[in-house]
Amino acid sequence: MNSDLWTIIGAAAVVIVVLASTMDARHKTLERRLRRMDRKLDLIMEHLGIEETGPEGMAEIDALLLKDKKILAIKRYRELTGAGLAEAKEAVERRAP
């Protein structure tokens, strides 16, 4: 009886690991596609001369960058937009003078 329970628990653990790895692979694929689409849109906007306006508070981020406070600018960008660290870093670096 006890060995059957451990067999079931082990099988369940294997299933969970397999499902998690499958979901992670799909998530990474979708993330790559989204980054490619975002880059294409950036190129189109650049070609057309359209500047990204961004959310309110960008003046504050620009002021922090002028004071050479890049880390604080990234932190504030994340607070304003809800962006992840990598996305915020990239966006702030694009705004840097």
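The values are calculated or read from the model by the stated rules, or taken from the named source; none is laboratory data. All figures in this text were calculated on a predicted structure; none of them were measured in a lab. Here the Cβ positions follow ideal geometry from the backbone for every residue, glycine too, while neighbour counts run over all protein chains shown. To get the accessible areas, we keep the full protein, side chains included, count just its heavy atoms, and leave off ligands, DNA and RNA. Shrake-Rupley method; radii C 1.70, N 1.55, O 1.52, S 1.80 Å.
Candidates in the stretch 25-44 are the residues that are open to solvent by 100 Å² or more (accessible area, probe 1.4 Å) and hydrophobic (A, V, I, L, M, F, W, C); of these, the one that is modelled with the highest pLDDT is 37. Once the stretch 46-97 is narrowed to residues that are small (Gly, Ala, Ser), within 19 Å of residue 35 (Cβ to Cβ) and not in a loop (DSSP other than H, G, I, E, B), the residue that is most open to solvent (accessible area, probe 1.4 Å) is 86. The number of residues in the stretch 1-55 being of a type in the set (Asp, Glu) and within 17 Å of the chain's Cα centre (by Cα) comes to 4.
The selection criterion, being open to solvent by less than 90 Å² (accessible area, probe 1.4 Å), at pLDDT 85 or above, farther than 19 Å from residue 88 by Cβ and part of a helix (DSSP H, G or I), does not hold for residue 22.
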